[in-house]
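What follows draws every value from the coordinates through simple rules; no lab data is involved. Everything quoted here is computed from the prediction, not taken from an experiment. All Cβ positions, glycine included, derive from the backbone under ideal geometry; neighbour counts span all protein chains shown.
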Amino acid sequence: MTFGPDGVLYVVANRKVGENQTQALIRKGVAAGDKFTWTTLASTVPYPLSNTPFDHLYNGVAVSADGKIGVVNAGSRSDHGEIESNNNAFPDLREIPLTSAIFRIPADSKDLELKNDADALKPTYSRRDAQLLRSRVCAQRRSLRGDTAPTPTFPDELNWLREG
């Protein structure tokens, strides 16, 4: 979750769909007194889980300094792009267009549906697994995000995300 510059709260959640799929929800909460009014900014169509520890799901959100753009991380469904068939429920499946990428979404979107279609999605940034997207897009329109290391003894990375 993150707060936009205007105090709007943005959250990312994942909802299991059936036994082998998940759906990501990107929600926006506007405070009104001591309550929030929630709307769905965007959601994915249900997509295949690998049923391994490498299902990183959608797991981070950031907002531009002007509050106009939301940036959401779609984690990978494999360790390093190998086949993860989920006990043959999805034969020969590796990553899909909805995973292993970071997307820019207009912060004023309502009920935007992200389909598993590479041409329609055109991810802003392609990443195997950003995992922890705790960045803010600064005034110079630079977005920085940390990456988690594979073991506690390796240093974490700091990546400058650039379109394309």
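In table form, for the structure just shown:
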quantity	calculated
Kirkwood Rh, Cα atoms: Rg over Rh of the stretch 1-49	1.11
Residues Ala13 and Lys110, FRET efficiency given R0 of 30 Å [Cβ-Cβ distance, rounded to 0.05]	0.95
The stretch 33-72: Rg to Rh, with Rh as the Kirkwood radius over Cα pairs	1.09
